[in-house]
1. Answer yes or no as to whether T37 is in a loop (DSSP other than H, G, I, E, B) and either without any contact (Cβ under 8 Å) to a residue 60 or more places away in the chain or acidic (D, E) (or both).
2. With respect to the numbered conditions (1) in a strand (DSSP E or B); (2) modelled with pLDDT under 95; (3) farther than 23 Å from D131 by Cβ, which one is the sole condition not fulfilled by I21?
3. In this structure, does L95 turn out to be surrounded by 14 or more Cβ atoms within 10 Å (Cβ to Cβ), among the aliphatic types (A, V, I, L, M) and at pLDDT 85 or above?
4. Looking only at the range 41-79, which residues are under 11 Å from the mean Cα position of the chain (by Cα) and either surrounded by fewer than 13 Cβ atoms within 10 Å (Cβ to Cβ) or of a type in the set (G, A, S) (or both)?
5. When both residues are 6+ apart or on different chains and their Cβ atoms are under 7 Å apart, which pairs have a first residue that lies in the range 41-52 and is more than 11 Å from L19 (Cα to Cα) and among the basic types (K, R), and a second that is modelled with pLDDT under 95 and surrounded by fewer than 17 Cβ atoms within 10 Å (Cβ to Cβ)?
6. Considering only the range 61-68, I want to know if a residue exists there that is out of contact with any Phe, Trp or Tyr (no Cβ under 6 Å at 6 or more places or on another chain), modelled with pLDDT of 85 or more and either among the hydrophobic types (A, V, I, L, M, F, W, C) or more than 17 Å from G18 (Cα to Cα) (or both).
7. Determine the pairs where a residue that is under 14 Å from S103 (Cβ atoms), located within the range 71-83, has a partner that is of a type in the set (F, W, Y) and buried (at least 17 other Cβ atoms within 10 Å of the Cβ) with Cβ atoms under 9 Å apart, the partner being 6 or more residues away or on another chain.
8. If only one of G31, G14, G80, G75 is of a type outside the set (D, E, K, R), over 17 Å from V129 (Cα atoms) and at pLDDT 95 or above, which one is it?
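The values are calculated or read from the model by the stated rules, or taken from the named source; none is laboratory data. Keep in mind the model is a prediction, meaning the values are calculated, not measured. When we count neighbours, we look across all protein chains shown, and the Cβ atoms used for this are built from the backbone with ideal geometry, even at glycine.
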Amino acid sequence: MAKTKIGANAIFSGPQKGLSIIGQHCYAYSGLVQVTTAREFLSFTTGKDLIVANFQFTLGEDTTDNIVWEVTINGNIISGSLNESGQAGNPLEPLLITLPPFSFVEVNATNFTGTPTQRKCYAIVQGRVYDA
């Protein structure tokens, strides 16, 4: 099997809001984001291809706060999850979502607590790219 040259975007330079695509695979890592009220974790536009991706959300500290996650495509909320108090440190079940070509995707989280405090949260997307 011939080796394929991997482009410069294959180098992981740290968390960011954008989607990285390498061949038939893609990923996005928000890194640590402190959530008090509504916060944006990831924000990207898909290319010309179809993407089937797992979205994973984690509340990274023990708290009684409730974190609500939302995934939007072209401004429409299509899915979400809830990190309830006591779930800290345990990632939620991944959401398998098909992302259409040329779509604007966002992942946001909100701390829905009476007096929200900054909470450590993370969002990850890992997927497969298919020729459309």
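1. No, not satisfied.
2. (3)
3. Taking the combined requirement at face value, the residue satisfies it.
4. If the condition is that a residue be under 11 Å from the mean Cα position of the chain (by Cα) and either surrounded by fewer than 13 Cβ atoms within 10 Å (Cβ to Cβ) or of a type in the set (G, A, S) (or both), then S43, A53 are the ones that fit.
5. So the pair list comes out as K48/A132.
6. At the first step, the residues of the range 61-68 found to be out of contact with any Phe, Trp or Tyr (no Cβ under 6 Å at 6 or more places or on another chain) are 61-65, 67.
Still in the running and modelled with pLDDT of 85 or more: 67.
Filter once more, keeping what is either among the hydrophobic types (A, V, I, L, M, F, W, C) or more than 17 Å from G18 (Cα to Cα) (or both): 67.
Checking the range 61-68: at least one residue is out of contact with any Phe, Trp or Tyr (no Cβ under 6 Å at 6 or more places or on another chain), modelled with pLDDT of 85 or more and either among the hydrophobic types (A, V, I, L, M, F, W, C) or more than 17 Å from G18 (Cα to Cα) (or both).
7. V71/F55; S79/F55; S79/W69
8. Details: G31 fails: at pLDDT 95 or above; G14 fails: at pLDDT 95 or above; G80 fails: at pLDDT 95 or above.
Answer to the selection: G75.
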